[in-house]
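All remarks here apply to the structure that follows.
The values are calculated or read from the model by the stated rules, or taken from the named source; none is laboratory data. Note that the structure is a prediction, hence the values are computed from the model and not measured. Neighbour counts run over all protein chains shown; Cβ positions are idealised from the backbone, glycine included.
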Amino acid sequence: MKLAAPTKSLLHLPTRPKSGIIDGVKYFSGELDDPTLPPPLPTSSAVPEIVSLLKTTDHNDWISNSELVEFLNAPPSPTSLLKLTRQLGSTEKALEFFEFFKTHSSSLSSSPSSLSFTFQAILEQAMREDKSDVPSKLFQLFSFAKDGKIPLSINAATLLIRCFGRAKMLEESISVYNELDSNSRNTNVVNLLLDCLFRGGNSDYGFKVLDEMLKRDSGFPPNDSTVDIVLSAMWKRNWVGRRMSLEEISGLLVRFFEHGVFLDDVWNTKLIAKFCRSGKCDKAWDLLHDMMRLGGQVEASSFNALLSGLGRERDFQKMNLLMNEMKEKEIKPDVVTFGILINHLCKSYKIDEALQVFEKMGGSECDGILVKPDLVLYNTLIDGLCKVGKQEEGFKLMEKMRLESGYEPNTVTYNCLIDGFCRAGEIERSYELFDQMKKDGVVPNVITLNTLLDGMCKHGRVSTAMGLLAEMQEKGLKGNSITYTILITSFCSVNNIDRAMSLFNEMSENRCSPDAKVYYSLILGLCQARRMDDALCVASKAKEAGFGLDIICYNALIGGLCRKNKIDEAHKTLKDMEEAGIKPDRHTYNTLISYFSEKGQFETAHRVLKRMIDDGYLPNVVTYGALIHAYCLAGNLDEAMKIFQNMSSATNVPLNTVIYNILIDTLCKSDKVEDAISLLGDMKDKGVRPNTTTYNALFKGLQERNWVEKAFEIMDQMTENTCNPDYITMEVLTQWLSDIGETEKLRSFVEGYEVSTSTA
DNA sequence: CCGACTGCTA
């Protein structure tokens, strides 16, 4: 059965470019798949004559024409009537014929669809004719049919719904659907209605219709197009149009699955990725497994989406489980699967395992799976090597890639290697790579720039970095907020606050608005430089820009204010922080304890300590260190020792070098060198390594006592421990030992030091 | 729509 030629092009209005069911060439191009149509019959040879007769004579004369009367008595099939009416050339003529036929034909009862089909031809004609206002014309005809109780053919209904849907006449579309005899409703027409409703924004009604469709005994069960319509609508609206939770979406999809309708791999992957990115990997897991349980076909990409989600959550156990499941279900991993696996091995510093997997996948033994590594996979490995300090191996891998696989390195490849050499302090090498990439026509991006800038700044070449930035900006490569964070942090660290501040101001001029981390880095830098007024000022700017400060910023501010003795402002900031809903953490408490105890306000310090414990933070080594340090400063060595004893006996807090150093220093200064030496022994027992500061304190104490024998003993111990003396050590020992004529011992000590540095 | 590269954790 062939469709009248112009229909298709007229149905396809140019104003709606996106294809879907409404515009649908795919589903509604004709009556090809309409089950209600009778099979084609041989066209009566009389039909062309009838058509020309109808066209050339006035409709008032029809009833007196013998040929037409004969035609009425033995009308052709509904299909032939449809064709005949289509050929009448105008809606008016078609309507006249319709009236004529309806009034005079004797055989209507035996073929009720004759009228429906004839009416369908009228609608088709009307669409062709009246281009200015098709929807309202069709609406008139629809009302006419409704009033005349003419049942709609499925194609007439389709045509009307599509036309009304395009014109956003949703009520009318629904009304057509309701007019349609429930037995003749089919999946296609319901899909069309759903598409109209979702596109038109009446998703409430859409979901109602969908609910009917998804019922177990639905006469018009969903098909692949239904899934597409529903998901497209929901995806575009970003799920919020209906405020659907992921659980509701899953529930809906499972109902599709129960009809044997599954998601294709693209949708499945999109949805799983979406679920994972909303922090609902468990829901993604369920979706994937529901689909498989109910018989859906799943491919590697869906698994990949879930694997990468689990990877982001660091749920390695589930990742392993899922990989095993892939194996069991014989779903072949693709190059992306291997990419995810290798990346996670690299990020867990298991570079050797990553290389093993890489070797295996190219070989033939790996469970018969052969996957050719691609550029991304090579880049993953190159980065992995660079991140563990094997940048030379990374470089070699790039060359191997070129030779063996024929891939040319891209921007990412170069970025990884440049970062690797920067981390190793080989800035020159990085710069060579940078030149090389430009020579090879590989375009550097902002990451290349940032990587180089960070490398330069971290190795004391801030002005070179600034030069590079200017150069790249001239070439049209703009920095982003990361660029500025790198430079601001760097300038702050060398105490060049003015440059840091002017960079910050320059940002907005370059149409690059600062993000939270830019603010944070500047606030931290200013706190470090003790510029608390500026720090507070930037902090309030950050808040104005909508970036709430994080706990790290607040702690830096509170700590900085305490150091500057601005306890009122520190208190204000603390209050501000709690109002912002950020609870003090261990670091906040330690800062305050340290402040109060150093001011000798031990009672307050202990009150804060109590609150810290009540808040669920056990005091740590920093807490005890602050108290011990303060008691030592206040000359209350007994109390300091008491805390120290309590620490080792009653808590699980491991002692560290700092704690010992405080006590040893104080003991030495209080003429209790024996006790200090006994603590040094204690350190050895507890496995705490003494450092240069420890030894310096002891040497000073021993010098006061002129206890030379002990000093020699400790000097040997220091050499044994490969602990390097610093200028203080040398100052103390040089003066003391030359005064007493022990230069020989001094020389051998220095030699031992030289040996120890060269072997280290 | 799934896998690679830049800030920092006081």
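Structural remarks
- In region A:362-378, residue surrounded by the fewest Cβ atoms within 10 Å (Cβ to Cβ) [restricted to those that are at pLDDT 95 or above and out of contact with any Gly (no Cβ under 9 Å at 6 or more places or on another chain)]: A:L375
- Of the residues making up region A:291-341, those that are out of contact with any Cys (no Cβ under 8 Å at 6 or more places or on another chain) and basic (K, R) are A:R293, A:R314, A:K327, A:K329, A:K332.
- Test: residue in region A:91-100 that is touching a Lys or Arg at 6+ places or on another chain (Cβ under 9 Å) and of a type in the set (S, T, N, Q): yes
- Residues satisfying the stated conditions in region A:283-314, i.e. in contact (Cβ under 8 Å) with a residue 40 or more places away in the chain and assigned to a helix (DSSP H, G or I): A:D290
Quick grid of which residues meet (1) among the charged types (D, E, K, R); (2) at pLDDT 85 or above; (3) touching an Asp or Glu at 6+ places or on another chain (Cβ under 8 Å):
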| site | (1), (2), (3) |
| --- | --- |
| A:K2 | yes, no, no |
| A:K8 | yes, no, no |
| A:D34 | yes, no, no |
| A:L37 | no, no, yes |
| A:S44 | no, no, no |
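- Of all residues in region A:396-435, those that are in contact (Cβ under 8 Å) with a residue 24 or more places away in the chain, of a type in the set (F, W, Y) and away from DNA strand B (no atom under 12 Å from the Cβ) total 1.
- Close pairs (7 angstrom Cβ cut-off, 6 or more residues apart or separate chains): more than 18 Å from A:Q317 (Cα to Cα) and touching a residue at least 12 places away in the same chain (Cβ under 8 Å) in region A:267-282, among the charged types (D, E, K, R) and more than 8 Å from DNA strand B (Cβ to nearest atom) anywhere: A:F275/A:K283
- A:L698 meets the conditions (1) closer than 27 Å to A:I593 by Cβ; (2) crowded, with 19+ Cβ neighbours inside 10 Å; (3) touching a Leu at 6+ places or on another chain (Cβ under 7 Å) in every case but one. The failed one is (1).
- Residue among A:E359, A:E299, A:E313 that alone is exposed (fewer than 15 other Cβ atoms within 10 Å of the Cβ), among the acidic types (D, E), within 23 Å of the chain's Cα centre (by Cα) and more than 8 Å from DNA strand B (Cβ to nearest atom): A:E313
- Residues in region A:316-334 that are within 13 Å of DNA strand B (Cβ to nearest atom) and in a loop (DSSP other than H, G, I, E, B): A:I331, A:K332, A:P333, A:D334.
- Restricting attention to region A:585-603, the residues being surrounded by fewer than 17 Cβ atoms within 10 Å (Cβ to Cβ) and within 16 Å of DNA strand B (Cβ to nearest atom) number 1.
- Note on region A:652-732: enclosed helices (runs of 4 or more DSSP H) holding 1 or more residues that are within 52 Å of the chain's Cα centre (by Cα) and at pLDDT 90 or above are A:657-669, A:673-686, A:692-705.
- Wholly enclosed helices (runs of 4 or more DSSP H) of region A:441-559 bearing at least 2 residues more than 30 Å from A:E578 (Cβ to Cβ), of a type in the set (S, T, Y) and more than 11 Å from DNA strand B (Cβ to nearest atom): A:462-474, A:497-509
- With respect to being within 15 Å of A:H629 (Cα to Cα), surrounded by fewer than 22 Cβ atoms within 10 Å (Cβ to Cβ) and in contact with a Pro (Cβ under 8 Å, 6 or more places away or on another chain), A:T651 falls outside the description.
- Test: A:S173 is under 46 Å from the mean Cα position of the chain (by Cα), farther than 21 Å from A:F101 by Cβ and at pLDDT below 90: no
- So A:G625, is it within 16 Å of DNA strand B (Cβ to nearest atom) and within 20 Å of A:L574 (Cα to Cα): no
- One residue alone among A:L194, A:L253, A:L246, A:L180 is surrounded by 22 or more Cβ atoms within 10 Å (Cβ to Cβ) and within 16 Å of DNA strand B (Cβ to nearest atom), and that residue is A:L253.
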